[in-house]
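The values are calculated or read from the model by the stated rules, or taken from the named source; none is laboratory data. On a predicted model such as this, the values are computed, not experimentally measured, just so you know. Positions of Cβ are backbone-derived with ideal geometry, glycine not excepted, and every protein chain shown enters the neighbour counts. Ligands, DNA and RNA are stripped out before the accessible areas are found, and what is left, the full protein with its side chains, is counted by its heavy atoms. Shrake-Rupley method; radii C 1.70, N 1.55, O 1.52, S 1.80 Å.
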Amino acid sequence: MPTRESARSDVQILLTGLVFGEQPRWHEGRLWFSDWGTQEVIAADLQGNGEVILEAPSFPCCVDWLPDGRLLLVSARDGLLLRWGTDGSLATHGDLTAASDPPPGNELVVDGRGNAYVNGPGFDMMAGAKFAPGGVALVTPDGSARQVADGIAFPNGMLVTPDNSTLIVADSYGKCLTAFDIAPDGSLSNRRAWADLKDGVPDGICLDADNAVWYGDVPNRRCVRVAEGGEVLETIELDRGCFACALGGADRRTLFMMATEWNGPENMFSEPRTGQVLTVRAPAAGVGWP
């Protein structure tokens, strides 16, 4: 299939005025995402009406859901995976400090069996620390935490295939998508390259029914759809960095893109508010988790 590159005329702005929108998830008829600048978890309908659901205790603040509908929230500063109660309380679901040092706190995905995967780099980028590769931790349904992958240059977006058999991790520094087999106990094995992205810098990712992955690309200001192996199927050019993407809507064929002007980590929360949620019609429906 030939590459399609476009500034697609059907890209629409759903929301604007965000400080730093990240980690979109389609859940119960709305798009949920985090504004890392305000440390708020927000849910918005398809008319652009947003509601602040909760205020996170720290940045980054990533969320996903257990199969029974309970919401999990990463509290990176505390090294904890929290569980949000219907009364608004937050309880510890897993202690990420038991998995690695530093504890992971960047991205979260929960599979269909209730296994929560949390990743993070091996250094504090915001503090200008020396580079070290990162990894992926597993928090099982009983709350125990352990590291299940390491040596990933800068782990970012993650997804799980609909049969719970494969975890795909975006490696931003490695410019690739890396896949692992998932064992019944949640362990990872058979690490392999799912796609070499060449000049692509993947951030947040999602999977569609054609087994293609969409990835947000910040420095190249685009959202890209690739097949396994790395063939580029479509490129949507944007006027600012794309940090993450998700497939949702009634038929899961609306592609949501979190876009923000990027001027380096030292300026990521500065004014003006350039964060947007963009939408476009996708060629295939979303599948798997998130």
State all residues of the range 5-35 that are closer than 24 Å to G288 by Cβ and under 16 Å from the mean Cα position of the chain (by Cα); if no residue qualifies, say none. G21, E22, Q23, P24, R25, W26, H27, L31, W32, F33, S34
Provide a single number: the residues in the range 230-242 that are open to solvent by 10 Å² or more (accessible area, probe 1.4 Å) and touching a residue at least 24 places away in the same chain (Cβ under 8 Å). 7
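For the range 150-165, what are the residues that are on the phi < 0 side of the Ramachandran plot and open to solvent by 10 Å² or more (accessible area, probe 1.4 Å)? Even if it seems obvious, please write down each step before you answer.
As a first pass, look at the range 150-165 and keep what is on the phi < 0 side of the Ramachandran plot: 150, 152-163, 165.
Scanning the range 150-165 gives D150, A153, F154, N156, T161, P162, D163, S165.
Which of the residues spanning the range 166-186 are under 12 Å from N115 (Cα atoms) and exposed (fewer than 15 other Cβ atoms within 10 Å of the Cβ)? Lay out the reasoning, then the answer.
Filtering the range 166-186 for residues under 12 Å from N115 (Cα atoms) gives 167, 182-186.
Within the range 166-186, A183, P184, D185 qualify.
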Pick out, from the range 1-92, the strands (runs of 3 or more DSSP E) lying fully within it that include 1 or more residues that are open to solvent by less than 40 Å² (accessible area, probe 1.4 Å) and not aliphatic (A, V, I, L, M). 12-18, 21-27, 30-35, 63-65, 71-75
Of the candidates A227, A246, A212, the one satisfying the condition of being on the phi < 0 side of the Ramachandran plot, surrounded by fewer than 20 Cβ atoms within 10 Å (Cβ to Cβ) and not polar (S, T, N, Q) is A227
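Considering only residues that are among the β-branched types (V, I, T) and in contact with a Lys or Arg (Cβ under 9 Å, 6 or more places away or on another chain), look in the range 187-217 and name the one that is farthest from R113 (Cα to Cα).
To start, the set of residues in the range 187-217 that are among the β-branched types (V, I, T) comprises 201, 205, 213.
So of that shortlist, the ones also in contact with a Lys or Arg (Cβ under 9 Å, 6 or more places away or on another chain) come out as 201, 213.
Details: V201: 30, V213: 22 Å.
Among those that are among the β-branched types (V, I, T) and in contact with a Lys or Arg (Cβ under 9 Å, 6 or more places away or on another chain), it is V201.
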Given the conditions (1) in contact with a strand residue (DSSP E or B) (Cβ under 7 Å, 6 or more places away or on another chain); (2) modelled with pLDDT of 95 or more; (3) not in a strand (DSSP E or B), every one holds for D163 apart from (1)
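Yes/no per residue for (1) touching a strand residue (DSSP E or B) at 6+ places or on another chain (Cβ under 9 Å); (2) under 20 Å from M257 (Cβ atoms); (3) modelled with pLDDT of 95 or more; (4) aromatic (F, W, Y):
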{"residue": "G174", "(1), (2), (3), (4)": "yes, no, yes, no"}
{"residue": "P184", "(1), (2), (3), (4)": "no, no, no, no"}
{"residue": "S187", "(1), (2), (3), (4)": "yes, no, yes, no"}
{"residue": "R192", "(1), (2), (3), (4)": "yes, no, yes, no"}
{"residue": "L197", "(1), (2), (3), (4)": "yes, yes, yes, no"}
{"residue": "D210", "(1), (2), (3), (4)": "yes, yes, yes, no"}
Out of R221, R191, R281, which single residue is under 28 Å from L66 (Cβ atoms), surrounded by fewer than 21 Cβ atoms within 10 Å (Cβ to Cβ) and charged (D, E, K, R)? R191
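Need a quick list: strands (runs of 3 or more DSSP E) entirely within the range 184-290 having at least 1 residues that are under 15 Å from D171 (Cβ atoms), in contact with an Asp or Glu (Cβ under 9 Å, 6 or more places away or on another chain) and among the charged types (D, E, K, R). Even if it seems obvious, please write down each step before you answer.
Details: elements: 188-196, 202-208, 213-217, 222-226, 232-237, 241-248, 254-260, 275-281.
Fully inside the range 184-290 and qualifying: 188-196, 202-208, 213-217.
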